[in-house]
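Report on the structure given below.
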Amino acid sequence: MTLRICLILHSTRSDNLGVGALTASEVAILRDIGSQIGQPIEITVLDWKDVRDPYVTGPDIKVIDLDRSAMLNPRGYFATARRSDLVIDIGAGDSFADTYGSRRLKRMFWLKYLTHLAGTPLVMAPQTVGPFTKGWTKVLARLSIRLCKVVATRDQMSTDATRALGRKDIIEASDVALLLPFSPPAPRTGHSRVKIGINVSGLLMAGGYTGKNQFGLTMDYPSLIRDLITYFQSHADDCQVYLVPHVIVQSGPMVDEDDYRACEVLAKEFPNTVLAPAFGTPSQAKTYIADLDFFMGARMHACIAALSSGVPVVPMAYSRKFEGLFGSLGYTRTVDCTTQSAEDIFTTIVQSYAQRATLKQETVTAFTRGREKLGAYEVALREIIEGIVGDRDL
């Protein structure tokens, strides 16, 4: 009999390729477990409506549009949850927090509690947990976490935040996107320019969702990006600068945070840069990043793509999720745009470039550690699935 697994707060078609990378990696984990135990698995993804076609696909995947009606109608998500054997929630990676406002968090809580009401086991896949700064968010988070079958975090800071909410049995894993498939680059022959990748965040270029320095940056992000382009273009090492988007918004209200448009503006201002494509899938983006020699970026999953493919990388943090994730892997090259000056960040990136051979070795060590930590989550997920199958056979 086919096992029915529902994924919530994942996306098969998000403009944010980081969210898509989480989904593609989660699906890969489930397929692997199904193959190991000889169990057919049907995966249903509750996905927000979007003009983009799904890029996480397959004969075992069904996508159901998620909107207000599906959330409120008992024959919508609630019915899907009741039909499912297991629900897995990844919180879009970092949305289980007050960081992005109450509207997004309320929708997350609603889906969680519909799942609990349906009586279907809920797994919190590895994600950032917190911060929760408001009384009502702490209360609802504490109760939902207590009701989950498994709770997995992706960093030590989230583990601490989860323990503070009362949950003790926690799996501290890592980001599942470390496992995102990609095509390794072909070996280079002859002389080649040094490939410098800069992931430009349209969100930070625009001042956050509010346009008013929402994330409390202590530096001028657009000016820093321009200074970095200028520096590497004039470097004696004969560097080629690549402008790399990782959130690619085709249309709609979120177009102001589009990385690709921000990169286009800079490519016109700096005509000798290379504008990377508007990638169609997360794996395409990772394959492109894997062919670079040095990378920096403010989109965390662009940096994860670099680290997990062995590219020396300097993550440019705008929230604690960066230090939480990379720090838990022992990778200490993150700079903090909310506490450091532009001068300090610029100096650190320049020094890191000079030490990129060392950074490359550090990425290998960090990836190995992350892979080991994810193993604990995979084991727990397999045990739950085996238990469900065993109960069915009784």
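Odds and ends about this structure:
- Residue within region 98-105 that is of a type in the set (Gly, Ala, Ser), in the same structural domain as residue 27 (by TED's automatic domain parsing) and surrounded by 15 or more Cβ atoms within 10 Å (Cβ to Cβ) present: no
- Some residue of region 355-363 being in contact with a helix residue (DSSP H, G or I) (Cβ under 8 Å, 6 or more places away or on another chain) and either outside any helix (DSSP H, G or I) or among the aromatic types (Phe, Trp, Tyr) (or both): no
- Criterion (out of contact with any Phe, Trp or Tyr (no Cβ under 9 Å at 6 or more places or on another chain) and at pLDDT 95 or above) met by exactly one of 68, 103, 82: 82
- One residue from 263, 303 being over 19 Å from the mean Cα position of the chain (by Cα), modelled with pLDDT of 95 or more and surrounded by 19 or more Cβ atoms within 10 Å (Cβ to Cβ): 263
- Residue count, region 266-290 (criterion: of a type in the set (D, E, K, R) and buried (at least 17 other Cβ atoms within 10 Å of the Cβ)): 1
- Residues satisfying the stated conditions in region 363-394, i.e. free of Cβ contacts under 8 Å to residues at least 40 places away in the same chain and either β-branched (Val, Ile, Thr) or closer than 30 Å to residue 198 by Cα (or both): 365, 368, 372, 379
- Residues being surrounded by 15 or more Cβ atoms within 10 Å (Cβ to Cβ) and of a type in the set (A, V, I, L, M, F, W, C) - total across region 351-385: 9
- Of all the numbered requirements in (1) crowded, with 23+ Cβ neighbours inside 10 Å; (2) assigned by TED's automatic domain parsing to the domain that holds residue 382; (3) closer than 23 Å to residue 48 by Cα, residue 202 misses one, and that requirement is (2).
- Verdict on residue 105 being of a type in the set (A, V, I, L, M) and part of a helix (DSSP H, G or I): yes
- In this structure, residue 344 does not satisfy being within 21 Å of residue 222 (Cβ to Cβ), acidic (Asp, Glu), without any contact (Cβ under 8 Å) to a residue 24 or more places away in the chain and buried (at least 18 other Cβ atoms within 10 Å of the Cβ).
- Residue list for region 46-94, filter: surrounded by fewer than 19 Cβ atoms within 10 Å (Cβ to Cβ), in contact with a Leu (Cβ under 8 Å, 6 or more places away or on another chain) and either outside any helix (DSSP H, G or I) or not assigned by TED's automatic domain parsing to the domain that holds residue 22 (or both): 48, 49, 64
- Flag if residue 62 is farther than 21 Å from residue 301 by Cβ and at pLDDT 95 or above: yes
- Restricting region 98-155 to residues that are over 17 Å from the mean Cα position of the chain (by Cα) and of a type in the set (S, T, N, Q), the residue that is nearest to residue 319 (Cα to Cα): 133
- Tally, over region 160-197, of residues that are β-branched (Val, Ile, Thr), assigned to a loop (DSSP other than H, G, I, E, B) and assigned by TED's automatic domain parsing to the domain that holds residue 55: 1
- The residues in region 18-57 that are more than 20 Å from the chain's Cα centre (by Cα), within 19 Å of residue 123 (Cα to Cα) and small (Gly, Ala, Ser) can be counted, and the count is 1.
- Identity of the residue in region 12-31, under 22 Å from residue 1 (Cβ atoms) and either free of Cβ contacts under 8 Å to residues at least 60 places away in the same chain or outside the structural domain of residue 126 (by TED's automatic domain parsing) (or both), that ends up surrounded by the fewest Cβ atoms within 10 Å (Cβ to Cβ): 31
The values are calculated or read from the model by the stated rules, or taken from the named source; none is laboratory data. Bear in mind that the values here come from a model prediction, so they are computed numbers and not experimental data. In this analysis, Cβ positions are derived from the backbone assuming ideal geometry, glycine residues included, and neighbour counts consider all displayed protein chains.
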